[in-house]
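Written out below as structure tokens is the structure these notes cover.
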Amino acid sequence: MSDIQVGQDSFEMPPKEGLSIAHFLTVSDIERSARYYEKVFGARILTLGDGNAPCYLQLANIWMILNVGGGPTPDKPTVTLSTPDPDHINSFMNFRVADMQASYQLWKSRGADFLTEPIDKYGEIRCYIRDPDGYLIEVGQSHAGVMYG
């Protein structure tokens, strides 16, 4: 995967040129969620926002935006943003780790709410975490020799 070229040499948020991508989560409490991602996963809080402004985080090689939900707006006239129903998810973040057991122990000690212990399934070891708003995070470690691309 290190050979993939995307047309930019560096990425920042917000971008001065080109494109940067962030994962947006609708949360019920911006600071609580920001502190959770900071404490459990080591995210760097770039800004907590100021009332109506969202929070920006840097987590590993992605940026995240956290903001409260709300009803339709002029630029999304039929869309309401809300936190998820924890048992009916249509997307989730996927964290790939080099050492599942070390990650599991560290993140559990920092307060991560794992659904199960790591399980060997489909050529990888994996488990799932719920964040404070019920978002699902898959954590997986591929078995040696299994590559993506």
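The values are calculated or read from the model by the stated rules, or taken from the named source; none is laboratory data. Here the structure is a predicted model, which means the values were calculated and not measured. So basically every Cβ, Gly included, is an ideal-geometry build from the backbone, and we count neighbours across all protein chains shown. For accessibility, only protein heavy atoms count, side chains too; no ligands or nucleic acids. Shrake-Rupley method; radii C 1.70, N 1.55, O 1.52, S 1.80 Å.
When a 1.4 Å probe is rolled over the protein heavy atoms, the share of accessible surface on segment 89-139 that falls to carbon and sulfur comes to 50 percent. Considering only 73, 47, 116, the mean-square fluctuation computed in a Gaussian network model of the chain, springs between alpha carbons under 10 angstrom, is largest for 73. With the whole protein complex present, residue 93 retains an accessible surface near 20 Å², based on a 1.4 Å probe. Of the chymotrypsin sites (Phe, Trp or Tyr not before Pro) found in segment 1-82, not one falls in a DSSP loop while having at most 12 other beta-carbon atoms within 10 Å.
For segment 13-80, applying the loop criterion from DSSP together with a ceiling of 11 other beta carbons within 10 Å to the GluC sites (Glu not before Pro) yields 17.
For the chain, how big is the tail of P(r) above 19 Å, as a whole percent of Cα pairs? Of all Cα-Cα pairs in the chain, 61 percent lie more than 19 Å apart.
Dipole magnitude for segment 97-141: about 80 debye, using +1 per Lys or Arg Cβ and -1 per Asp or Glu Cβ, origin at the Cα centre.
Calculated accessible area for segment 1-148 comes out at 64 Å² per residue, all protein chains present (probe 1.4 Å; ligands, DNA, RNA ignored). Straight-line cross-link reach from residue 121 at under 24 Å between alpha-carbon atoms covers these lysines, not counting any fewer than eight positions away in the same chain: 108. Here the contact order of the chain, divided by its residue count and restricted to Cα pairs under 8 Å and six or more residues apart, works out to 19 percent.
Straight-line cross-link partners of residue 39 among the aspartates and glutamates, defined as a Cα under 14 Å from its Cα and at least 8 positions apart when in the same chain: 31, 113, 131. So for segment 72-149, considering every pair of alpha-carbon atoms, how many percent are separated by more than 17 Å? Above the 17 Å cut-off, segment 72-149 has 53 percent of its Cα pairs.
Shape class for segment 9-55, computed from the alpha carbon gyration tensor (a ≥ b ≥ c): prolate, with a/c not under 1.5 and a/b above b/c. Note on segment 35-92: the alpha carbon radius of gyration divided by the globular reference 2.2 N^0.38 Å gives 1.31. Secondary structure note: in the chain, about 70% of the DSSP beta bridges are antiparallel.
Using Cα centres only, tell me the gap between segment 79-131 and segment 42-69 in whole Å. Using only Cα atoms to place each centre, the spacing works out to 20 Å.
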